[in-house]
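One structure is given here, and the rest of the page talks about it.
Read the figures in this text as sums done on the coordinates, not as results from a lab. Here the structure is a predicted model, which is why all the values come from computation and not from measurement. Positions of Cβ are backbone-derived with ideal geometry, glycine not excepted, and every protein chain shown enters the neighbour counts.
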Amino acid sequence: MHVQGLTRVYPGRDGRPPVSALGPIDLDLYSGEFLSVVGPSGCGKSTFLELLAGLAEPSAGSITFEGRPVRGCVPEGVGVVFQEDSSFPWLTVWENVAFGLESEGADRGEIKRRADYAVGFMGLTDFVKSYPAQLSGGMRQRVCIARTLVLQPRLILLDEPFASLDQQTRLLMGDELLRLWRETAATILLITHALDEAAMLADRVAVMSARPGRLLEVLPTRWPVSRDSRIVEDARFGAITARLWTILRDESMKAMGRAESKDPA
Amino acid sequence: MKRHAWTRLAIVLGVGMMLEVLCRAGAIPRLIMIPPSEMLASAWQILVSGQINSDLYFSLGNIALAVGLSVAGGFLVGLAIYSVPPLRTAAEPLLVSYSAVPPIVFYPMLIVLFGLGRIPQVVIAVMFGLIPMALHTISGLRRIRPVFWKVGRVHRLSALSSVLRIQLPAAGPYLFVGVTLAVSYSIIGVISTEFILSASGIGHQISSAYDNYDNRTMYGLVALLLGIATVLNSILYRYSRRMLNRWTR
């Protein structure tokens, strides 16, 4: 995926000036890599992901995926996992996972084979007949990942998928994500606000500035492909996390200062 | 049976027994009301004798037609209004205001247009049932979580697939409230118009029995109607509980 001069400006309403939300951003996402994006609250991380996914249109700049422009619709081969639980409460776990294949009109045998695989891969085999409301938050996010995985995307965009989970579950879900990445060879872009998560999972970590979000630095981690959450014991993990915080601290202060300036008190 | 179901049964039996005692003791004159046990006996006799089978089929047919048209029409009207935001802003308050008007007031106009018979009854019943269905469709669509729309776009669903596979089920609990109201209002619309616009149907038979001071038949028919409405609503209630359990367990 190639991103050039990507900018998003929200038009002003009721006489207020336009709001510059993002960019300009230049970034190349290489096939098979795992890239994390971190940034202060409100810097436009989710806007960035929506633009990459084709769910929103940029005000300026361009995005190409496998050489084809992305603008206003989600390209074939791109899967998205959202921050909030997006499992369908009216479908069972298995039906949720099979949703995309059924929408594509795949034949029954193919649907069963691929959905069973995705369900097994995400450790949901014992819950195929359960409804999402019967599962924990982490399990529901696994359902959403399985629903994306079953379509065999070549690029998976994840928007803070573990934000609502506790720390232990997040670490374990991080392991699951690394396993998924290795076994599918998909390219992954993970938006997160957690520096440790970004440092642990990614090959490269892109650090965004306060709004309008621009890329301040893209930091390579140089972890081995076979890594898992035990990498937090590595001394370099602390150094990478500290480096990320050093870059982000001023930006986070700026974002907070902006919030404070809105306070009439 | 669960505790609340026992409580509900106890309330119904308690009210029934109280009326039975008051009627038998003469506190409520027979001219006003016959004992509930006689109502049930009369309803049973009417049902097994087959004397009102044609009226029963006529009313149930009209109710089914009115429910079908109210639900389908209300959903399409709601979907159309929801899909055009300026129309939504303009039309929703009108629908809310209209829902306070009893459509039965239009019956003189409908007699002129369609004469007596099935059509004006079904039209009035649909006028009763369509608006709550449309309002609940708008309400249900408005409450669909934005992330579901995004999931639909990620899966590159067509507009029709998006309606059928996401919007309809996601708005399901609200739509079902609309369906329940459409059923209730269709029953009210059909039976009440049969009192004045029809020469057949349960409503017409109740009206005839009333005119002939035949309280036993009249209350038997009322009990039968209550039974039909209760069975229909119980089925809808059980289904809605099952649906909500899936969503909230």
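Taking every residue in A:80-92, how many Cβ atoms of other protein chains lie within 10 Å of its Cβ, on average? Before the final figure, lay out each step's value.
Details: counts 5, 2, 6, 1, 4, 2, 7, 3, 6, 11, 9, 3, 1.
Average per residue, whole number: 5.
Cβ under 12 Å from residue A:139's Cβ, residue A:139 left aside: what net charge do those residues give with Lys, Arg +1 and Asp, Glu -1?
-1
Could you tell me whether segment A:83-152 comes out rounded, prolate or oblate from its Cα gyration tensor? Rule is a ≥ b ≥ c as square roots of the eigenvalues, rounded for a/c under 1.5, then prolate if a/b exceeds b/c, otherwise oblate.
Details: a/c = 1.71, a/b = 1.56, b/c = 1.09.
Because a/c hits 1.5 or more and a/b exceeds b/c, segment A:83-152 counts as prolate.
Using Cα atoms only, what is the angle between the long axis of helix B:172-197 and the major principal axis of chain B, expressed in degrees (0 to 90) to the nearest 10?
40 degrees
Can you give the Rg to Rh ratio for segment A:131-223, taking only C-alpha atoms and Rh from Kirkwood?
My calculation puts Rg/Rh at 0.98.
Could you tell me which of rounded, prolate or oblate describes segment B:183-245, using a ≥ b ≥ c as the square roots of the eigenvalues of the alpha-carbon gyration tensor, with rounded for a/c under 1.5 and, failing that, prolate when a/b is larger than b/c and oblate otherwise?
On the way: a/c = 5.09, a/b = 2.19, b/c = 2.33.
It is oblate, given that a/c is not under 1.5 and a/b is not larger than b/c.
Over the Cα atoms of the protein assembly as shown, Rg to Rh with Kirkwood Rh, two decimal places? All intermediate terms of the calculation are to be shown ahead of the outcome.
Numbers: Rg = 31.1 Å, Rh = 27.6 Å.
Using Cα coordinates only, the ratio equals 1.13.
If you count the DSSP beta bridges with both ends in the protein assembly as shown, what percent of them are antiparallel, to the nearest 5? List each step's numbers first, then the result.
On the way: 17 of 35 bridges.
Looking only at bridges with both residues in the protein assembly as shown, the antiparallel portion is about 50 percent.
Would you please state the base-10 log of I(q)/I(0) at q = 0.11, 0.14 1/Å for segment B:1-158, with intensities from the Debye formula using one equal scatterer on every alpha carbon?
One equal scatterer on each Cα of segment B:1-158 leads to -0.80, -1.01.
Give me the compactness ratio for chain A, meaning the Cα radius of gyration over 2.2 N^0.38 Å.
Details: Rg = 19.0 Å, N = 265, 2.2 N^0.38 = 18.3 Å.
Computed over Cα atoms of chain A, the ratio equals 1.04.
What is the mean number of Cβ atoms from other protein chains located within 10 Å of the Cβ atom of each residue in peptide A:102-110, rounded to a whole number? The partial results should precede the final answer.
Details: counts 3, 9, 3, 0, 0, 0, 0, 0, 0.
Whole-number average of other-chain Cβ neighbours for A:102-110 is 2.
For segment A:83-152, what is the relative contact order in percent, using Cα pairs closer than 8 Å and at least 6 residues apart in sequence? Present the calculation step by step, with values, prior to reporting the outcome.
On the way: 85 pairs, mean separation 35.5, N = 70.
It comes to 51 percent, rounded to a whole number.
Using the 10 angstrom Cβ neighbour count as an exposure proxy, how do B:232, A:35 rank, fewest first?
Numbers: B:232 18, A:35 22.
Least to most surrounded, the residues fall as B:232, A:35.
Return the single residue from A:28, A:228, A:203 with maximal mean-square fluctuation; model: Gaussian network over chain A, springs between Cα atoms under 10 Å.
Of the options given, A:28 has the highest mean-square fluctuation.
Would you list, by chain and number, the lysines whose Cα falls below 20 Å from the Cα of residue B:150, excluding same-chain residues fewer than 8 positions away?
Residue B:150 reaches A:45.
How big is D for segment B:53-248, in µm² s⁻¹ as a whole number, if Stokes-Einstein is applied with the Kirkwood radius of its Cα pairs at 20 °C and 1.002 mPa s?
Values: Rh = 18.2 Å.
It comes out at roughly 118 µm²/s.
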